[in-house]
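Student: Quick one: this structure, given as structure tokens, is what I'll be asking you about.
The values are calculated or read from the model by the stated rules, or taken from the named source; none is laboratory data. In this text, all values refer to a predicted model and were calculated from it rather than measured experimentally. Virtual Cβ from ideal backbone geometry, glycine too; neighbours counted across all protein chains shown. Surface areas here come from the heavy atoms of the whole protein model, side chains and all, with no ligands, DNA or RNA. Shrake-Rupley method; radii C 1.70, N 1.55, O 1.52, S 1.80 Å.
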Amino acid sequence: MQRLIPVLNSDHVPLHLISVINTLLTAAKEISHRLHQGSLAGTLGSTLDENIQGETQKKLDIVSNQLIKTMLLETNLVHAVASEEEDDVVMGNPDARYLVAFDPLDGSSNIDINSSVGTIFSILEKPKHPAEGKELFLQTGDEQVAAGYILYGPSTMLVLTTGQGVRAYTLDHRVGEFLLTVDKLTIPEETQEFAINMSNQRFWAKPMQAYIQDLLAGTEGKRQKNFNMRWNAAMVSDVHRVLSRSGIFAYPADCRDENKPCKLRLLYEANPMSFIVEQAGGKASTGYERIMSLQPTEIHQRVSVIMGSRQEVNTCLSYYKSIECERLDG
Ligand code: F6P
């Protein structure tokens, strides 16, 4: 086991970027501490507010958002931040190079049941062309210079990419540091495990319905093997399982609410997770196009997500190619 050097010098990662990542980790250690204190910290439960997404804000959502935002802006290395919990971008140092988009506490409905949650971040650079406010963040996932998540589970883990593979670190509470525990994370190409919220089945488009039906048919169906299902309802922990032991994770578009066909956010969830998954050898798509190639049109945009083991994602996408039907995500 090595002591943490979040991004090794040999990776040629700029020092300021390393400092931004380290700042996120300092905030994560504090969030981890408060989560582990549970009810003792007095930060469980909901506030009376809703975020821009119309979701009830948990007290820890607010605390985590405030912590990450303030700490990042105090570094003077960040030009602007965009958070799932903020209506607008928050400007920092006009001369700084980095933009950070983050979901401070993903899967926050899990907080009150003492289950896993996570922080997701995506780091971009100020675009070369003149841009202001929200426009700064309207860059494709391919423009990300780093992305990662912190999983607050039985142990607190950091999974990080700067575009040169994926490393995983575990927080050692005794020394207060993240220690490198996996040097090169790779997702197995094939799998027998899927993660999807099955209660939405009847609302999915035909290709996803047909694909899942074939997984459920197991050895008696055309896939001729049995599949297992897992759903933690926190993207960080569901994707972490996929990264750890293979799998396919999907939150596809559905027709429950025609004004909101997709659930997951492009900038705060889909893009950073796609960067990690691709860097680990996996694949990430909306069903129709590669997630990281999408040109965002607004910062809180939502998108359909299918990601994980490369071959399994390809199999799923073959249903989208062969079954004609109207796109639910427009
Ligand atoms: O976007 C928030 C989120 O909690 C994700 O982390 C998770 O994958 C998803 O929503 C769970 O959604 P549902 O409650 O519909 O299963």
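Student: If you go through region 126-133 one residue at a time, do you hit one that is within 21 Å of residue 274 (Cα to Cα) and either of a type outside the set (Asp, Glu) or open to solvent by less than 50 Å² (accessible area, probe 1.4 Å) (or both)?
Tutor: Yes, there is a match, as at least one residue in region 126-133 is within 21 Å of residue 274 (Cα to Cα) and either of a type outside the set (Asp, Glu) or open to solvent by less than 50 Å² (accessible area, probe 1.4 Å) (or both).
Student: Moving on to the next point. Within region 134-159, take every residue that is open to solvent by 10 Å² or more (accessible area, probe 1.4 Å) and among the hydrophobic types (A, V, I, L, M, F, W, C) and give me the one that is farthest from residue 84 (Cα to Cα).
Tutor: For region 134-159, the residue satisfying everything is 157.
Student: Being more than 16 Å from the ligand (Cβ to nearest atom) and either assigned to a helix (DSSP H, G or I) or surrounded by fewer than 17 Cβ atoms within 10 Å (Cβ to Cβ) (or both) is the filter here, so list the residues in region 189-207 that pass it.
Tutor: Hits for region 189-207 are 189, 190, 192, 206, 207.
Student: Report the residue count in region 49-81 for those that are modelled with pLDDT under 70 and in contact with a Gly (Cβ under 6 Å, 6 or more places away or on another chain).
Tutor: 0
Student: Just one of the numbered conditions (1) free of Cβ contacts under 8 Å to residues at least 60 places away in the same chain; (2) crowded, with 18+ Cβ neighbours inside 10 Å; (3) under 22 Å from residue 200 (Cα atoms) is not true of residue 283; which one?
Tutor: (3)
Student: What is the residue count in region 113-125 for residues that are open to solvent by 10 Å² or more (accessible area, probe 1.4 Å) and in contact with a Gly (Cβ under 7 Å, 6 or more places away or on another chain)?
Tutor: 2
Student: Checking the condition of a type in the set (A, V, I, L, M), touching a helix residue (DSSP H, G or I) at 6+ places or on another chain (Cβ under 8 Å) and either modelled with pLDDT under 95 or closer than 15 Å to residue 244 by Cα (or both), which residue from 166, 182, 175, 145 passes?
Tutor: On the way: 182 fails: touching a helix residue (DSSP H, G or I) at 6+ places or on another chain (Cβ under 8 Å); 175 fails: touching a helix residue (DSSP H, G or I) at 6+ places or on another chain (Cβ under 8 Å); 145 fails: either modelled with pLDDT under 95 or closer than 15 Å to residue 244 by Cα (or both).
Step by step, each of 166, 182, 175, 145 is checked, and only 166 is of a type in the set (A, V, I, L, M), touching a helix residue (DSSP H, G or I) at 6+ places or on another chain (Cβ under 8 Å) and either modelled with pLDDT under 95 or closer than 15 Å to residue 244 by Cα (or both).
Student: Answer yes if at least one residue in region 79-86 is away from the ligand (no atom under 16 Å from the Cβ) and surrounded by fewer than 24 Cβ atoms within 10 Å (Cβ to Cβ), and no otherwise. It would help to see each step written out before you state the result.
Tutor: Here is the first cut: in region 79-86, the ones away from the ligand (no atom under 16 Å from the Cβ) are 79-81.
Imposing the further condition that a residue be surrounded by fewer than 24 Cβ atoms within 10 Å (Cβ to Cβ) reduces the set to 79, 81.
Among the residues of region 79-86, at least one is away from the ligand (no atom under 16 Å from the Cβ) and surrounded by fewer than 24 Cβ atoms within 10 Å (Cβ to Cβ), which makes the answer yes.
Student: Restrict the check to region 219-236 and report whether at least one residue is outside the structural domain of residue 145 (by TED's automatic domain parsing) and buried (at least 24 other Cβ atoms within 10 Å of the Cβ).
Tutor: Filtering region 219-236 down to residues outside the structural domain of residue 145 (by TED's automatic domain parsing) leaves 219-236.
Those still in the list that are buried (at least 24 other Cβ atoms within 10 Å of the Cβ) too: 235-236.
Within region 219-236, one or more residues are outside the structural domain of residue 145 (by TED's automatic domain parsing) and buried (at least 24 other Cβ atoms within 10 Å of the Cβ).
Student: Exactly one of these conditions fails for residue 177: (1) surrounded by 15 or more Cβ atoms within 10 Å (Cβ to Cβ); (2) in contact with a His (Cβ under 9 Å, 6 or more places away or on another chain). Give me its number.
Tutor: (2)
Student: Considering only residues that are within 13 Å of the ligand (Cβ to nearest atom) and touching a Phe, Trp or Tyr at 6+ places or on another chain (Cβ under 7 Å), which ones fall in region 106-134?
Tutor: Of everything in region 106-134, those that are within 13 Å of the ligand (Cβ to nearest atom) and touching a Phe, Trp or Tyr at 6+ places or on another chain (Cβ under 7 Å) turn out to be 116, 117, 118, 119, 120.
Student: Residue 137 is checked against (1) within 23 Å of residue 239 (Cα to Cα); (2) more than 14 Å from the ligand (Cβ to nearest atom); (3) at pLDDT 95 or above and fails just one. What number does that condition carry?
Tutor: (1)
Student: If residue 43 satisfies all but one of (1) modelled with pLDDT of 95 or more; (2) not in a helix (DSSP H, G or I), what's the number of the condition it fails?
Tutor: Residue 43 satisfies every listed condition except (1).
Student: Search region 237-251 for residues being in contact (Cβ under 8 Å) with a residue 60 or more places away in the chain and touching a Gly at 6+ places or on another chain (Cβ under 7 Å), and hand back the single one that is surrounded by the fewest Cβ atoms within 10 Å (Cβ to Cβ).
Tutor: Only one residue tops the list, namely 237.
Student: Does residue 103 satisfy the condition of being within 16 Å of the ligand (Cβ to nearest atom), open to solvent by 30 Å² or more (accessible area, probe 1.4 Å), at negative phi and not hydrophobic (A, V, I, L, M, F, W, C)?
Tutor: Judged against the criteria, residue 103 is not a match.
Student: Which of the helices (runs of 4 or more DSSP H) found entirely inside region 208-325 contain at least 1 residues meeting this: away from the ligand (no atom under 13 Å from the Cβ), over 14 Å from the mean Cα position of the chain (by Cα) and among the basic types (Lys, Arg)? Reasoning before the result, please.
Tutor: Values: elements: 235-245, 271-279, 310-322.
The helices (runs of 4 or more DSSP H) meeting that bar are 235-245, 310-322.
Student: Next question, about the same structure. Go through (1) at pLDDT below 90; (2) open to solvent by 20 Å² or more (accessible area, probe 1.4 Å); (3) over 23 Å from residue 144 (Cα atoms); (4) touching a strand residue (DSSP E or B) at 6+ places or on another chain (Cβ under 6 Å) for residue 4 and report which single condition fails.
Tutor: All conditions are met except number (3).
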